[in-house]
1. Return a yes/no flag: does the range A:150-158 have any residue that is within 16 Å of DNA strand B (Cβ to nearest atom), part of a strand (DSSP E or B) and outside the structural domain of residue A:46 (by TED's automatic domain parsing).
2. Filter the range A:1-53 down to residues that are under 30 Å from residue A:209 (Cα atoms) and among the aliphatic types (A, V, I, L, M) and give me whichever is nearest to the chain's Cα centre (by Cα).
3. Picking from A:166, A:184, A:90, which residue would you name as being within 16 Å of DNA strand B (Cβ to nearest atom), over 20 Å from the mean Cα position of the chain (by Cα) and surrounded by fewer than 18 Cβ atoms within 10 Å (Cβ to Cβ)?
4. If you go through the range A:31-72, how many residues are within 16 Å of DNA strand B (Cβ to nearest atom) and either out of contact with any strand residue (DSSP E or B) (no Cβ under 8 Å at 6 or more places or on another chain) or without any contact (Cβ under 8 Å) to a residue 24 or more places away in the chain (or both)?
5. I want to confirm something. Restricting to the range A:91-123 and keeping residues that are in a strand (DSSP E or B) and without any contact (Cβ under 8 Å) to a residue 40 or more places away in the chain, which single residue is farthest from DNA strand C (Cβ to nearest atom)?
6. Quick check on the range A:60-87: of everything there that is within 12 Å of DNA strand C (Cβ to nearest atom) and farther than 16 Å from residue A:18 by Cα, which residue is surrounded by the most Cβ atoms within 10 Å (Cβ to Cβ)?
7. Against the condition within 23 Å of residue A:176 (Cβ to Cβ) and β-branched (Val, Ile, Thr), how does residue A:99 come out, does it pass?
Amino acid sequence: MPELPEVETTRRGIAPHCLGKTVSRLVVRQGQLRWPVPAALSTILPGQSLLAVERRGKYLLLQFAAGTAIWHLGMSGSLRLVEASSLPGKHDHIDLCFTSGLCLRFNDPRRFGALLWQPAAEPIEQHSLLAHLGPEPLSDTFDSAYLLARSRRVRVALKPWIMDAKVVVGVGNIYANESLFNAKLHPEQLAGSLTAKQAERWVAAIKTILQYAITRGGTTLRDFVGGDGKPGYFAQELNVYGRGGEPCTACAKPLVEIRLGQRSTVYCPRCQKLPKVNRKP
DNA sequence: AGTATCTCCTGCGTGC
DNA sequence: TGCACGCAGGAGATAC
């Protein structure tokens, strides 16, 4: 499941092979993704050369002279570089082919992904999907002062709150769980009751874990040319995610699993205490 | 306006 | 071996 580290890993993996390359054609085998792939893309992209591969949150931004392709991997999507001649497999929905003979192939079994287009005439940051996004978690604008200020009078539990992309982008379920554990914060603590010290711990935990996950290639390792995805080393280093009932890595007490905002949430009842005062502010 | 719930989709694990 | 079922989840849409 691509979270920010995996999207960033994808960006870094494909960029060296695609930058400056000219699109030969776009093949859309299944255009019914989260939103329909704009049909016009197949005529717009050929002839365009790829000027930059950027990332905003979990959105990959492929910049061309005519505009920017916005590519989201959803939760089961992946991009891989293959020879244009290689046969597409099941769920290989889109090929972005370059004249070099390489092809950026999008595979997405659950089709939660998306490929959209913002013409160059309209600034990419004004696209409706990007316009209201919060800061990048690894940027300096995401600090404890921001988090604390943003949390005032918020009556939502910390866990679902931090997963809100308007607060900060790129913190999905895995890293929400892990960062709360590392910062010793209870997932059900109300955001409005966050203290300055807690905000500091949490911001540091989020930055550390995301940065570390990027260096380890995300939760899934991927050979971007040819090879397939395989479980990354990072998956084995998770402290709480997917470990409900198992012993806490810090104190050995069994981890508790609950549902919070329809999402699986795992925490240590000993290491992550609710504050005495957790009333709605 | 802030908060909670619903929804899209397929693969996988489980129980019968 | 096969089937029904529940679950997984990013994040926009919709409903309170």
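1. Checking the range A:150-158: at least one residue is within 16 Å of DNA strand B (Cβ to nearest atom), part of a strand (DSSP E or B) and outside the structural domain of residue A:46 (by TED's automatic domain parsing).
2. A:4
3. The unique qualifying residue is A:90.
4. Looking only at that region, the number is 2.
5. A:103
6. Among residues in the range A:60-87 that are within 12 Å of DNA strand C (Cβ to nearest atom) and farther than 16 Å from residue A:18 by Cα, the one surrounded by the most Cβ atoms within 10 Å (Cβ to Cβ) is A:77.
7. Judged against the criteria, residue A:99 is not a match.
Quick grid of which residues meet (1) within 22 Å of the chain's Cα centre (by Cα); (2) of a type outside the set (Ser, Thr, Tyr); (3) at pLDDT below 95:
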site	(1), (2), (3)
A:102	no, yes, yes
A:108	yes, yes, yes
A:121	no, yes, yes
A:133	yes, yes, yes
A:136	yes, yes, yes
A:152	no, yes, yes
A:178	yes, yes, yes
A:188	no, yes, yes
A:198	no, yes, no
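The values are calculated or read from the model by the stated rules, or taken from the named source; none is laboratory data. None of the values given here were measured: they were computed from a predicted structure. For neighbour counting, all protein chains shown are included, and Cβ atoms are generated from backbone atoms with ideal geometry for every residue, glycine included.
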